[in-house]
Amino acid sequence: QQPVQSPQAVILREGEDAVINCSSSKALYSVHWYRQKHGEAPVFLMILLKGGEQKGHEKISASFNEKKQQSSLYLTASQLSYSGTYFCGGVDFGNEKLTFGTGTRLTIIP
Amino acid sequence: DAGITQSPRHKVTETGTPVTLRCHQTENHRYMYWYRQDPGHGLRLIHYSYGVKDTDKGEVSDGYSVSRSKTEDFLLTLESATSSQTSVYFCAISRGPGTNTEAFFGQGTRLTVV
């Protein structure tokens, strides 16, 4: 079962903030976030290992609520370079599969 | 950049023919994955490997088989290609989910089954 992401797509003006959500029906050991530009491979952004632990990357940060098996990615003061499709990935407890969500397409306009 | 190479990068094949895609890594990572990417479905796990000759199924494994006879190579075979297997295929490598490190992706293989 893939993690579920929301929204599926979002359009923002440069400088606006965005939140992308990811939820899993299975207990996750860790949550990964990746960004994919059109025609390219996904690129790693960050890993979250513990419930509530936030790890940031410039103006992008994320959180992981272990109780709810939900993670959120926060993009602050979005830049044109943030455009792309964002994927959350989860590693289940009990096996070693890294499965990804359906993706969120983020478009930043000037 | 992580040393991961997929071949071929593009392939057109006929329905019913077998097809093999190759993923080659130079990082000596233990885990290797095959995903397919289709609009509306994101990245779906086909098969993965956690060591030489150690493989397991993912979410969409029907019609696919894999082999890993060496640490560096992970092969994905479509036993009898169908039009529903037209997709972009990505290979990924990682030291392992338990090591809390990221996965690195290859550049993808665009497969068209006609």
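Both the radius of gyration and Dmax for the range B:1-89 are 12.8, 36 Å, in that order, over alpha-carbon atoms. Leaving out same-chain residues fewer than 8 places away, which lysines sit with a Cα under 19 Å from that of A:K97? Of all the lysines, those that pass the test against A:K97 - Cα under 19 Å, at least 8 places apart if same chain - are A:K26, A:K50, B:K53, B:K57. Positive end of the dipole of chain A (Cβ unit charges, origin at the Cα centre): among A:S81, A:S23, A:S63, the Cα lying farthest that way belongs to A:S23. Divide the volume of the convex hull around the Cα atoms of chain A by the residue count and you get 89 Å³ per residue. Going by a ≥ b ≥ c, the root eigenvalues of the Cα gyration tensor, does the range B:48-114 fall in the rounded group (a/c under 1.5), the prolate group (a/b larger than b/c) or the oblate group? Cα axes put the range B:48-114 in the prolate bin.
Stretched out straight at 0.36 nm per residue, the stretch from B:L75 to B:K11 would grow longer than its current Cα-Cα span by 21.5 nm.
Within the range A:9-110, the chymotrypsin sites (Phe, Trp or Tyr not before Pro) that combine a DSSP coil assignment with at most 16 other C-beta atoms in a 10 angstrom radius are A:F93.
Can you tell me the accessible area per residue over chain B, all protein chains present, probe 1.4 angstrom, in square angstrom?
Numbers: 5210 Å² over 114 residues.
I get 46 Å² per residue for chain B.
With each label modelled as a point 7 angstrom along the Cα→C-beta vector, the B:T82-B:T101 pair spans 3.8 nm. Select from B:G16, B:G42, B:G51 the residue whose mean-square fluctuation is largest in a Gaussian network model of chain B (Cα-Cα springs shorter than 10 Å). Residue with maximal mean-square fluctuation among B:G16, B:G42, B:G51: B:G42. When the alpha carbon coordinates of the protein assembly as shown are projected onto the principal axes, the ranges are 49, 37, 32 Å, largest first. Computed from point charges on the beta carbon alone (+1 for Lys and Arg, -1 for Asp and Glu), the dipole magnitude for chain A about its Cα centre is near 140 Debye. Amide H contacts of B:A81 (H built 1.01 Å from N, in plane; Pro and chain starts excluded): B:G16, B:T17, B:V19 sit under 5 Å, all sequence-distant by 5 or more or on other chains.
The values are calculated or read from the model by the stated rules, or taken from the named source; none is laboratory data. All values derive from a computational prediction rather than experimental measurement. We place every Cβ from the backbone using ideal geometry, glycine too, and count neighbours over all the protein chains shown. Keep in mind that these areas ignore ligands, DNA and RNA; they rest on the heavy atoms of the full protein, side chains included. Shrake-Rupley method; radii C 1.70, N 1.55, O 1.52, S 1.80 Å.
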